[in-house]
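Single-structure report; data block below.
The values are calculated or read from the model by the stated rules, or taken from the named source; none is laboratory data. Note that the coordinates shown come from a computational prediction; the quantities given were computed from them, not determined experimentally. Cβ placement follows ideal geometry from the backbone for every residue including glycine, while neighbour counts extend to all protein chains displayed.
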Amino acid sequence: MRATIWMNASSPNSLSTDEPTPTWQTFVVTLIVATIGGAVFAYFRAPLAWMLGAMMVTTVLTMSGRRLAVPPDLRTGMITILGVLLGAAFTPELAAQIPGWIAFVALLVIFIVITNALSFWFFWKWAGLDHVTAFFASTPGGISEMAIVGEEAGGDVRVITLVHATRILLIVSTVPFYFRLVLGYDVPSLPPSGTSIFSIELLEAFVLASCAVLGFLIFRPVPLPATALIGPMLISACVHLMGISSSPPPNEMIAVAQIVVGAAIGCRFSGMTWPFLRKVAGLAIASGGIMIVAAVAAALVIAPIVSLDQQGILLSFVPGGLTEMSLIALSTGVDTAFVSTMHVLRIMLVIMCAPLVFSMVNKYLMRPQS
């Protein structure tokens, strides 16, 4: 017997509501509670404490009916800082390794196809979702883009968005603890190689700030996903590969960026009630669990073949979000440049190929049965 999810089109749990724009007081409260959550997690030395603490607190409060929100411009600004941080991982010593990553891309594509197919079957055949919603809920990446395209194709945008948000929440919450408890990594609250804002040189600070601003302005018109992250990351990578800079952004800025990103994840659950969540999130957790297990298994099998670290392959395969997975890689000392590059490619492949693949799947499923 398969489980069936039924949603009323007029449900108040719609993720695209007509609620008024949040006030600045709402923004301030959100950042305060998110900071408190991050500080509590940091006190107990949790991995990625500032992001996980902010994410957990805001998720619980929004699901309890508290109206919280993160200013979009603030989130964008913090993401540019994280882009500069990820670009700092591209050192001159790393340049020689980049050509060796090309062969791994084929394995990444195969993994995406297999996990997408498994997740699609799970949502469609077992959970009973319509095939449009099931397809775009199963795509491993591009939460905003998949919600937009899926809604245009006739899918339930509420379910698509919730599945993606829940998957990211699940993966970001569990992977750091897997690294610490199973693999024995010390996953700190902040990257171990960072510097303090009080000790960074003025010229270095100017160069890093320029990477963020120029990367955002130059790449903003480019039709690519996550340009606020990718643009500064590319500019920062060039600067660090050429040896112009050797410093990442200060730890204090990274902590603030983690708080904002974590709070933004938690705020995605605003407007939903617990009954609605139980109907969909359970299936989303099961689907995310399938992807995590598949990523672990693939990393164990592939690592000896391609001569890459098992941990880097795992973080490259787990679809937990470019920013979040890259932060985990940075905090664990895993090859951040490799992980970031693979996630950029994953998101681009999903966004570019998903509509085309769906059109073929849709034609096959909607053809007259003989």
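Couple of notes before you dig in:
- Filter result for Ile98 (at negative phi and at pLDDT below 80): yes
- Which listed residue, of Leu365, Leu300, is free of Cβ contacts under 8 Å to residues at least 12 places away in the same chain and either among the basic types (Lys, Arg) or over 30 Å from Val239 (Cα atoms) (or both): Leu300
- Residues that are more than 30 Å from Leu234 (Cα to Cα), modelled with pLDDT of 90 or more and in a helix (DSSP H, G or I), drawn from the stretch 41-78: Val57, Thr58, Leu61
- Verdict on Asn13 being under 16 Å from Thr59 (Cα atoms) and either modelled with pLDDT under 80 or touching a Gly at 6+ places or on another chain (Cβ under 8 Å) (or both): yes
- Condition check for Ile351: in contact (Cβ under 8 Å) with a residue 24 or more places away in the chain and either more than 20 Å from the chain's Cα centre (by Cα) or within 22 Å of Ile114 (Cβ to Cβ) (or both): yes
Table: residues versus (1) charged (D, E, K, R); (2) over 16 Å from the mean Cα position of the chain (by Cα); (3) more than 18 Å from His343 (Cβ to Cβ); (4) assigned to a loop (DSSP other than H, G, I, E, B).
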site: Leu217; (1), (2), (3), (4): no, yes, yes, no
site: Pro223; (1), (2), (3), (4): no, yes, yes, yes
site: Ala228; (1), (2), (3), (4): no, no, no, no
site: Pro232; (1), (2), (3), (4): no, yes, no, no
site: Cys238; (1), (2), (3), (4): no, yes, yes, no
site: Ile244; (1), (2), (3), (4): no, yes, yes, yes
site: Ser247; (1), (2), (3), (4): no, yes, yes, yes
site: Met253; (1), (2), (3), (4): no, yes, yes, no
site: Gln258; (1), (2), (3), (4): no, no, no, no
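- Any hit, the stretch 271-278, residues being touching a helix residue (DSSP H, G or I) at 6+ places or on another chain (Cβ under 6 Å) and crowded, with 22+ Cβ neighbours inside 10 Å: no
- Which numbered condition Gly320 fails, given (1) surrounded by fewer than 22 Cβ atoms within 10 Å (Cβ to Cβ); (2) not in a helix (DSSP H, G or I): (1)
Conditions tested, residue by residue: (1) polar (S, T, N, Q); (2) within 19 Å of the chain's Cα centre (by Cα); (3) modelled with pLDDT of 90 or more; (4) part of a helix (DSSP H, G or I).
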{"site": "Met1", "(1), (2), (3), (4)": "no, no, no, no"}
{"site": "Ala39", "(1), (2), (3), (4)": "no, no, yes, yes"}
{"site": "Thr80", "(1), (2), (3), (4)": "yes, yes, yes, yes"}
{"site": "Val84", "(1), (2), (3), (4)": "no, yes, yes, yes"}
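Residue by residue, here is whether (1) under 22 Å from Trp50 (Cβ atoms); (2) of a type in the set (A, V, I, L, M); (3) modelled with pLDDT of 80 or more holds:
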site	(1), (2), (3)
Gly150	no, no, yes
Arg158	no, no, no
His164	no, no, yes
Tyr178	yes, no, yes
